[in-house]
Amino acid sequence: MRHYIVTAVLALCISAALSAQEYHPRESWPYLMENFESGVVTNYGGEVSADGYFNVSVIDGKLHFVKDGVIMVANMNQLQAVRIGEKVFVNRMGRLKEVIAEELGGLFVLKEVSVDEDELAKTDVGFGMRSAVASTQKVNTLGVGGTTVNLALETAISAAKEGAELPLKEKYYFLIKSREYSADKNSFLSMEGIDKVSAKAFLKNEKIKWHKAESLGKVLKYIAENSK
């Protein structure tokens with residue numbers, strides 16, 4: 001019990017350490033959320049693990065957790081889903097993607113947040129030159145999950161503001177009965193059972209924006225109600 005109390009206090013300290021300015025993942029703190037939050041993991045087969053404190057690495061999309069005050073990486077081969085605070089993430093090919101909309105029948109909209117290597121390529125590497133190779137090397141040097149793995153949580157918190165901000169990109173997906181599609185017009189119109197004429201009229205009438213979660217929720221509802 002004492003361990004969980006100490007862990008909770010340390011996790012809460014992260015907010016105090018980072019809240020002075022708007023939160024953004026950094027090389028020294030490469031996490032989707034600014035603090036480790038309580039959550040529950042579900043493994044394949046439906047087994048639910050004990051509660052813990054979790055976060056998601058934007059470097060490689062893996063789940064990190066705190067054990068005995070140390071940050072560790074979850075076994076992604078066993079993990080099916082995780083609830084962290086109010087957010088739910090599912091494991092897709094070893095990367096966690098957030099569920100942002102859901103309809104009955106196994107239909108979901110997912111969001112993936114990751115490091116934008118194209119933006120890293122814009123970093124000046126000397127003599128006014130910029131290098132895509134340098135950006136890839138930069139991501140690689142951060143290693144599996146980033147620089148915080150196997151560090152004491154308290155040590156990681158103390159260094160959380162150090163290092164450069166990580167440029168991020170967001171990508172959305174439809175998960176339709178275990179099959180994943182990019183959340184874009186072409187993928188939507190190519191789905192089995194979707195009538196292209198009616199679907200195009202729907203997109204026009206609803207003024208669907210493919211980079212907006214609210215619009216994607218409308219598309220998902222349309223799929224649930226109209227796919228044959």
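Below is a table of values for the structure above.
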{"item": "Rounded FRET efficiency, nearest 0.05, which uses the C-beta distance separating Val70 from Met191 and R0 of 45 Å", "result": "0.50"}
{"item": "Residue exposure sequence - Val82, Val40 - by fewest surrounding Cβ within 10 Å", "result": "Val40, Val82"}
{"item": "Segment Val40-Trp210, length gained on full extension (0.36 nm per residue, minus Cα span)", "result": "58.1 nm"}
{"item": "Gap separating the Cα centres of the stretch 148-181 and the stretch 23-42, nearest whole Å", "result": "6 Å"}
{"item": "Sorted by Cβ density within 10 Å, fewest first, the residues Leu189, Leu63, Leu175", "result": "Leu189, Leu175, Leu63"}
{"item": "Prolate/oblate/rounded label for the stretch 139-228 (Cα gyration tensor, a/c 1.5)", "result": "prolate"}
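Rule-based calculations on the coordinates, nothing more; no lab input. All figures in this text were calculated on a predicted structure; none of them were measured in a lab. We place every Cβ from the backbone using ideal geometry, glycine too, and count neighbours over all the protein chains shown.
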